[in-house]
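Worksheet: the structure to be examined is printed underneath.
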Amino acid sequence: AINVEGINFCVFCGICVTLTCPRVTHVKEGDVAPSAFAPRHFKLRQKVKKQAIALFDYRNKGYVSASRVVGIDAANSEIKCRPEVFAQAFRFLRRHDIREEVESHPASLGFTYHVGEDFYDTVDGLRAVDEVLTYMNFRSNDRLGHALVLGTDVKRYYDGRDKAIRATRQVLLDNFVWLYVRTAKIAGRNALCEYLEQEAKHLYTLIYKGTDFKQPFDVYDYYDSWLLRGDAPETAISDVKEDLSISGWDKCAKNASEKDVNRARENDNARQLYYEYHYNKQAKENGNKAVILPIAYNHYEEFVEMVDRIREVLLCKVERLHIAIECNPSSNLRIGEMTSYIEHPIFRFNNYGLNTPYPKHEISVSINTDDSGVFATSLEREYALMGIALEKTDDPRFKNTPRAVKEWLNRVRKMSVEQRFRKERYIG
């Protein structure tokens, strides 16, 4: 391996457990103490910027070893670090196509982001997936790591947590506003929306209590400010001028590819809220306080039903964008909500040719080991576990012939190979 600015570039031959060539992994980290002079995750943002530009230069200079770097990933704890921290780096490296002199390098990098495995609650996990799609402009052939939240049994999830949500004030506020807008789009403004707006307004008041910020709460202004979080924090202070460096990091400071984000950027109230989100120290401290919020009894069934509908809508969006999902059965069983392999979300993500109780989907999926040492497994074993789960289950809703199971596993194997980030040279 070669280390450049803290990045370990893997240059060995062979295939890793996810059936990809080696890729660069950025590790998520928690934030430091709130400050009025620095935005959220300032140190990590600087580190990610340094790494991204180093990777740009490394690939540009034509090192033979750099040809082995074919993709990037961001992994580790989701709760400590949201997708917004990596958004500019992902957009920046997406623009970087190797051309002309460096013929042995892949023309462009592949992209993976680990999301939807570690979250405060289902809504929080779904919002994180939406942030990856929106802030990082994910598209065909990009990949989500795990994404268990897209296959979660929502009712069982909340029933198993005493019908309550445990999070911070800031996370709850963000989640309720996000859920409000999604609910209004699907069902119009209903009683659930009124409940969500009431709770969000209360949380907003608690977060900005004792600060000089007096802007009244408006759910759509706040939602627009959430859309802006894919922009670099410095855009909340002033317009960022394009730099003249070869890398052009600042060209990607704004998330200019999303129509809704560009509209939100014209909302002065949203821009002010985005500034407060990053630079209001007292609000950050207030927002970090933990909350246990029981879901109102008279809205509980509607809440669960709506979250499940939004989960399905988001799953359809992933399918429509042709985004792949990396699945890790043994790892997911130990970390996720399932109690047996037959409950693995992969059967929700792709059930073509199978009998399942779920809506039909044909999302590109792969079966992986995650960490074969930690989970004492192998790729062959992971495939076998999925096959056995289908063949041996007593659930009549999964009644499948051995041939159907074998054909499904073979399709997954082929999709895994198709997902592989390749060293294809640019042809201009």
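Go through segment 150-181 and count every residue that is in a strand (DSSP E or B) and in contact with an Asp or Glu (Cβ under 7 Å, 6 or more places away or on another chain).
At the first step, the residues of segment 150-181 found to be in a strand (DSSP E or B) are 164-168.
Narrowing further to those that are in contact with an Asp or Glu (Cβ under 7 Å, 6 or more places away or on another chain): 165, 167.
The qualifying residues number 2.
With the structure loaded, tell me whether Arg348 is crowded, with 18+ Cβ neighbours inside 10 Å and modelled with pLDDT of 95 or more or whether it fails that test.
Working: crowded, with 18+ Cβ neighbours inside 10 Å: yes; modelled with pLDDT of 95 or more: yes.
When the stated conditions are applied, Arg348 passes them.
In the list His105, His146, His114, which residue meets the criterion of being buried (at least 20 other Cβ atoms within 10 Å of the Cβ) and modelled with pLDDT under 90?
Values: His146 fails: modelled with pLDDT under 90; His114 fails: modelled with pLDDT under 90.
Within the list His105, His146, His114, the selection yields His105.
Evaluate the following for Asp231: is it among the acidic types (Asp, Glu), closer than 22 Å to Glu131 by Cα, surrounded by 23 or more Cβ atoms within 10 Å (Cβ to Cβ) and at pLDDT 95 or above?
yes
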Which ones in segment 62-81 are more than 30 Å from Arg169 (Cβ to Cβ) and modelled with pLDDT of 80 or more?
Val69, Val70, Gly71, Ile72, Asp73
Go through (1) over 30 Å from Leu196 (Cβ atoms); (2) within 18 Å of the chain's Cα centre (by Cα); (3) at pLDDT 95 or above; (4) of a type outside the set (Asp, Glu) and name the single condition Asn328 misses.
(3)
Considering every residue within segment 57-72, establish whether at least one is of a type in the set (A, V, I, L, M, F, W, C), more than 17 Å from the chain's Cα centre (by Cα) and open to solvent by 10 Å² or more (accessible area, probe 1.4 Å).
yes
Given the conditions (1) touching a strand residue (DSSP E or B) at 6+ places or on another chain (Cβ under 8 Å); (2) crowded, with 17+ Cβ neighbours inside 10 Å, report the number of the one that Met338 does not fulfil.
(1)
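Scanning for something of a type in the set (A, V, I, L, M), at pLDDT 95 or above and touching a His at 6+ places or on another chain (Cβ under 6 Å), does segment 187-210 turn up at least one residue?
Pass one, segment 187-210, residues of a type in the set (A, V, I, L, M): 187, 191-192, 196, 200, 203, 206-207.
Subsequent filtering for residues that are at pLDDT 95 or above retains 187, 191-192, 196, 200, 203, 206-207.
Restricting the remaining residues to those that are touching a His at 6+ places or on another chain (Cβ under 6 Å) gives 192.
Within segment 187-210, one or more residues are of a type in the set (A, V, I, L, M), at pLDDT 95 or above and touching a His at 6+ places or on another chain (Cβ under 6 Å).
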Asp159 passes all but one of (1) touching a residue at least 40 places away in the same chain (Cβ under 8 Å); (2) under 23 Å from Leu314 (Cα atoms); (3) open to solvent by 10 Å² or more (accessible area, probe 1.4 Å); which number fails?
(1)
In segment 186-222, the residues that are of a type outside the set (A, V, I, L, M, F, W, C), open to solvent by less than 40 Å² (accessible area, probe 1.4 Å) and part of a loop (DSSP other than H, G, I, E, B):
Gly188, Asn190, Thr211, Gln215
Within segment 32-43, track down each residue that is free of Cβ contacts under 8 Å to residues at least 60 places away in the same chain and surrounded by 20 or more Cβ atoms within 10 Å (Cβ to Cβ).
His41
If you go through segment 238-260 one residue at a time, do you hit one that is of a type in the set (Ser, Thr, Tyr), over 23 Å from the mean Cα position of the chain (by Cα), open to solvent by less than 30 Å² (accessible area, probe 1.4 Å) and modelled with pLDDT of 95 or more?
no
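If you check Gln170, Gln215, which single one turns out to be within 26 Å of Leu133 (Cβ to Cβ) and modelled with pLDDT of 95 or more?
On the way: Gln215 fails: within 26 Å of Leu133 (Cβ to Cβ).
After applying the criteria, what remains is Gln170.
Condition (residue is of a type in the set (Val, Ile, Thr) and within 27 Å of Met136 (Cα to Cα)) applied to segment 284-294: is it met by at least one residue? Even if it seems obvious, please write down each step before you answer.
The initial filter retains those residues of segment 284-294 that are of a type in the set (Val, Ile, Thr), namely 291-292.
Next, from what is left, pick out any that are within 27 Å of Met136 (Cα to Cα): none.
There is no residue in segment 284-294 that is of a type in the set (Val, Ile, Thr) and within 27 Å of Met136 (Cα to Cα).
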Just give me the residues in segment 73-84 being open to solvent by less than 10 Å² (accessible area, probe 1.4 Å) and out of contact with any Asp or Glu (no Cβ under 9 Å at 6 or more places or on another chain), in sequence order.
Asp73, Ala74
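Criterion first (in a helix (DSSP H, G or I) and under 30 Å from Val64 (Cβ atoms)) does Ser372 satisfy it? Give the derivation first.
Details: in a helix (DSSP H, G or I): no; under 30 Å from Val64 (Cβ atoms): yes.
Here the answer is no, as Ser372 does not meet what is asked.
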Residues of segment 365-409 being under 21 Å from His114 (Cβ atoms), among the acidic types (Asp, Glu) and open to solvent by 60 Å² or more (accessible area, probe 1.4 Å), which ones?
Asp371
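Sort out which residues of segment 261-287 are free of Cβ contacts under 8 Å to residues at least 60 places away in the same chain and over 22 Å from the mean Cα position of the chain (by Cα), and write them in order of number. Walk me through it before giving the result.
At the first step, the residues of segment 261-287 found to be free of Cβ contacts under 8 Å to residues at least 60 places away in the same chain are 262-275.
Selection gives Arg263, Arg265, Glu266, Asn267, Asp268, Asn269, Ala270, Arg271, Gln272, Leu273, Tyr275.
The values are calculated or read from the model by the stated rules, or taken from the named source; none is laboratory data. Quick caveat, the model's predicted, so the values are computed rather than measured. So basically every Cβ, Gly included, is an ideal-geometry build from the backbone, and we count neighbours across all protein chains shown. Surface accessibility is based on the protein's heavy atoms, side chains included, excluding ligands, DNA and RNA. Shrake-Rupley method; radii C 1.70, N 1.55, O 1.52, S 1.80 Å.
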